[in-house]
There are 2 protein chains.
Amino acid sequence: MTVRADLNISLDGFGTTTDGTPENPFGTDWGRLVDAYTSTRTFRERVLGITDGSGTTGVDERYAANYFVEIGAEVMGSGMFGLGLYRDDPDWRGWWGENPPFHVPVFVRTHDRRESLEMEGGTTFHFVQGSAREVLALAVEAAGGQDVRIGGGPSTVREYLGLGLIDELHVAVVPILLGDGVRLWDDLRGLEKSYSVSSEAAESGVVHITFRRTA
Amino acid sequence: MTVRADLNISLDGFGTTTDGTPENPFGTDWGRLVDAYTSTRTFRERVLGITDGSGTTGVDERYAANYFVEIGAEVMGSGMFGLGLYRDDPDWRGWWGENPPFHVPVFVRTHDRRESLEMEGGTTFHFVQGSAREVLALAVEAAGGQDVRIGGGPSTVREYLGLGLIDELHVAVVPILLGDGVRLWDDLRGLEKSYSVSSEAAESGVVHITFRRTA
């Protein structure tokens, strides 16, 4: 069982955008940040349901395909589920539609007590309180021996990294400068000393950096 | 004539280190930040004078060799010359020994008025006052049609980037996290829109990112 995390960040280190509006909560920068990822064949098939074989098939696709392999449960922060914006809406069911792309139990860390949401396709959102370790333990148990993904956002991934709880981190560094947002790397000086680190550049210009725990 | 800049930065965006001491002014992190660069054959020959053919010959070497091609003059900040630490020492002649690796006129931006220093091998340090544009104009004139390099440090490169005065930026992103220091990318949101950006991963794990001006 491996605890994994995958994130897209800008070259200046931001994993979120700040140009959101009520109508467009992720802002226009979000599309630029995830463009290479959402252009892959895997994303188009797995998330958008477009099964005509379109989408990129190079280095970005290889990482996108790996994203979904062997994941048995997921942990995400409340912001990634949208509770920052939709806290007062009891009917809010997340950003991903009725058939979310996770297809596993998803543990949303929040102080809010909400009923679990059983979606189509095997995704169930559980709204859980507790420390990072406690919530991870719930996900590990639910994963039944498969891997657990710390899905995001960057603050959540950074907290788990700081606690030494992530075995494999894949970061897609997108060569754009966002200038503001939530940084993934704050307060992680020396992180690389517990990992082997490899780098691979994709045709899109995105750089894939993978940390695999060695210590 | 092209205005170029080359820098090594950490994965979390820092182009300087903060663990320096009076005895070891760059700190131990500096060696880690520039390790892949200083291991290249070009660096060993050109800077260290080791001509036995040792040193790496892969992707990092290709960028290192390019670093010295066609440069006719250089601009650097006072910190890169060491005036932060050695301001009160009238005999201070920079970090690079009597035969510095530049071999061209170097314009050091500083408020201090100092006599020019003619070193061995063609390097002359000129200590100049004036705006970023004014100092660049001096270097362009001195370069006689060859390229000008904005040598660093990161604050100086960032200032020239912000003014739109750099035509080609090469950044070697080193997969280590320093946690603190001077950031290259602050306040450069959208910089990529005026450049084409390409990425290449080296055997060392260092990622070379090149911005070439298109607008």
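Just a few scattered comments:
- Here is how far apart the A:E23 label points are across copies: 6.4 nm, shortest first, using a point 7 Å from Cα toward Cβ.
- Annotation note: GluC sites (Glu not before Pro) in segment A:5-69 located in DSSP loop regions with a Cβ neighbour count of at most 12 within 10 Å are A:E23.
- Cβ-based charge dipole, segment B:74-156, positive-most Cα from B:P100, B:A139, B:Y86: B:A139
- Mean projected area of the Cα convex hull of segment B:113-215, taken over all directions, amounts to 9.0 nm².
- Taking the square roots of five times each eigenvalue of the Cα gyration tensor of chain A, the equivalent ellipsoid has semi-axes of 24, 21, 19 Å, listed largest first.
- Selected from A:S155, A:S78, A:S196 as most flexible by GNM, with chain A as the system and alpha-carbon contacts under 10 Å: A:S196
- Going by neighbour counts of Cβ atoms within 10 Å, the residues B:H103, B:H111 line up, fewest first, as B:H111, B:H103.
- Computed [θ] at 222 nm, deg cm²/dmol, chain B (DSSP H ≥ 4; -39,500 (n - 2.57); rounded to nearest 500): -7000 deg cm²/dmol
- Residues with amide H under 5 Å from that of A:A73, placed H, sequence gap 5 or more: A:R149
- Within segment B:64-102, the GluC sites (Glu not before Pro) that combine a DSSP coil assignment with at most 11 other C-beta atoms in a 10 angstrom radius are B:E98.
- Cα gyration tensor, segment A:164-206 - rounded (a/c under 1.5), prolate or oblate: oblate
- The alpha carbon gyration tensor of the protein assembly as shown gives principal lengths a ≥ b ≥ c with a/c of 1.5 or higher and a/b greater than b/c, which makes the shape prolate.
- Among the trypsin sites (Lys or Arg not before Pro) found in segment B:84-176, those both in a DSSP coil and sparsely packed, with 12 or fewer other Cβ atoms within 10 Å of their Cβ, are B:R113.
- Global form of segment A:1-64, assessed from the alpha-carbon gyration tensor, a/c cut-off 1.5: oblate
- Each other residue within a Cβ distance under 12 Å of A:Y86 adds +1 if Lys or Arg and -1 if Asp or Glu, for a net charge of -1.
- Assuming charge only on the beta carbon of Lys and Arg (+1) and of Asp and Glu (-1), the dipole of segment B:3-213 about its Cα centre is about 540 debye to the nearest 20.
- Taking all Cα pairs closer than 8 Å and separated by 6 or more residues, the relative contact order of segment B:3-213 comes to 30 percent.
- Averaged over the residues of peptide B:184-192, the number of Cβ atoms from other protein chains lying within 10 Å of each residue's Cβ is 6.
Read-outs throughout are calculated quantities, based only on the coordinates presented, and are distinct from any laboratory measurement. Fair warning: this is a prediction, and the values are worked out from it, not measured in the lab. Neighbour counts run over all protein chains shown; Cβ positions are idealised from the backbone, glycine included.
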